[in-house]
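Notes to accompany the following structure.
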Amino acid sequence: MRIGIDLVEIPRFQAFLSRRGEQALQRLFSPRELAYAQKAQGELFVQRLAVRFAAKEAFCKALGRGVPLREIEVLPGEHGPRLIWRGQEFPVSLTHTATVAAAVVLIPSPAPEAAREG
């Protein structure tokens, strides 16, 4: 089993989004992720995006290599959040406050075939 963890400071993430704008949103998030985040009011919008960014970074750490972050989707599910990459679903845990967002991702053994590429 492989484990990845990441922590994002929400004010820094907000500043990044302010500088990069729509281009960053389109590069980092899928349309479904953006639609979910946009249902939130006020600061919760950025918190939802930051925790998804943390999950994507944690997934890459667990995978052992980078992948285009837009290929990874973190969506709400019936029993909690779901992380989906190339048709496979991976265990993910998300948490956030007004100032920090954190995520932990597990990749059960054996690792996905794509992890052996590169």
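List of remarks:
- Test for ILE10: is it out of contact with any Cys (no Cβ under 6 Å at 6 or more places or on another chain) and under 30 Å from PRO110 (Cβ atoms): no
- Residue within the range 49-62 that is in contact (Cβ under 8 Å) with a residue 60 or more places away in the chain, in a helix (DSSP H, G or I), in contact with a strand residue (DSSP E or B) (Cβ under 8 Å, 6 or more places away or on another chain) and not aromatic (Phe, Trp, Tyr) present: yes
- Residue count for the range 27-45, restricted to those that are crowded, with 16+ Cβ neighbours inside 10 Å, in contact (Cβ under 8 Å) with a residue 24 or more places away in the chain and not aromatic (Phe, Trp, Tyr): 3
- Sole exception among (1) exposed (fewer than 12 other Cβ atoms within 10 Å of the Cβ); (2) in contact (Cβ under 8 Å) with a residue 12 or more places away in the chain; (3) closer than 21 Å to ARG2 by Cβ; (4) not basic (Lys, Arg) for PRO68, by number: (2)
- Looking only at residues in the range 1-48 that are of a type in the set (Phe, Trp, Tyr) and touching a strand residue (DSSP E or B) at 6+ places or on another chain (Cβ under 9 Å), the one that is farthest from ALA98 (Cα to Cα) is PHE29.
- Among the residues of the range 7-47, those that are under 14 Å from LEU83 (Cα atoms) and of a type in the set (D, E, K, R) comprise ARG32, GLU33.
- Against the numbered list (1) surrounded by 14 or more Cβ atoms within 10 Å (Cβ to Cβ); (2) part of a loop (DSSP other than H, G, I, E, B), GLY80 comes up short only at (1).
- Residue list for the range 60-82, restricted to those being in contact with a Gly (Cβ under 6 Å, 6 or more places away or on another chain) and not charged (D, E, K, R): CYS60, ALA62
- Conditions (1) in contact with a Leu (Cβ under 6 Å, 6 or more places away or on another chain); (2) at pLDDT 95 or above; number of the one not met by TRP85: (1)
- Applying the condition of being touching a residue at least 40 places away in the same chain (Cβ under 8 Å) and either within 16 Å of PRO76 (Cα to Cα) or touching a Cys at 6+ places or on another chain (Cβ under 9 Å) (or both) to the range 90-100 and asking which residue is surrounded by the most Cβ atoms within 10 Å (Cβ to Cβ) yields LEU94.
The values are calculated or read from the model by the stated rules, or taken from the named source; none is laboratory data. Nothing here was measured: the structure is a model prediction, and the numbers come from that model. As a convention, Cβ positions derive from the backbone with ideal geometry for all residues, glycine included, and neighbour counts pool all protein chains shown.
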